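Undergrad: Dropping a structure here in structure tokens format, bear with me for questions.
Just so it is clear, none of the values below were taken in a lab; they were calculated from the coordinates. Computed from a prediction, not measured in an experiment: that's the story for all the values here. So basically every Cβ, Gly included, is an ideal-geometry build from the backbone, and we count neighbours across all protein chains shown.
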Amino acid sequence: MQRVGVLALLLSLNYMEVSQGSRHNGHLSPRVIRTKYGTVRGMINSIGVDGMGDAEVFLGLPYAEPPVGNLRLMPPGTPSPWSALRVAQHLGPVCPQRLPDIRNKTEALKTMSQGRYHHLRRLLPYLRNQSEDCLYLNIYSPAGVVGMHKEILMENIAVSDAA
């Protein structure tokens with residue numbers, strides 16, 4: 001089970017890297033999606049891989065209220081609803097992580113493989129924004145697929161086309 005989780009994380013990070021690299025080429029999606037917490041609009045991004053179409057990307061959607069402050073170490077609550085259209089174009093913060101020191105490559109390679117070192121260097125931009133308020137989803141789906149979001153059910157989030 002742990003291998004599946006690690007594989008899913010690596011695949012999503014690799015996909016995120018491709019889509020993040022082309023984020024500046026993205027444009028707002030014409031579609032507005034209604035969730036039970038408010039309406040959201042994503043971005044249309046080019047994947048940059050032959051044979052793959054564009055992706056409709058929704059970044060930083062809250063799926064729970066963060067248990068911070070006096071709620072620290074308690075179960076998260078239901079996210080607060082929003083009334084204005086939320087444009088989901090920025091990644092939410094990642095949960096706090098203690099990373100190995102890789103500032104000095106020679107020293108770092110004494111404790112890790114070259115592959116791990118380069119992988120950590122690639123991940124650093126995504127790990128700079130860390131917070132205990134890190135309960136956000138990044139959703140990627142094929143762009144232009146009619147009915148793709150109809151009745152997608154996730155834990156605590158029901159999504160459907162607003163149209």
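Undergrad: Sort the following peptides by mean Cβ neighbour count (other Cβ atoms within 10 Å, averaged over residues), highest first: 41-49, 72-80, 26-34.
TA: On the way: 41-49: 18.6, 72-80: 11.2, 26-34: 15.9.
Result, highest mean Cβ count within 10 Å first: 41-49, 26-34, 72-80.
Undergrad: Describe numerically, in nm with one decimal, the distance between label points set 7 Å from Cα along Cα→Cβ at SER80 and at ARG103.
TA: 3.6
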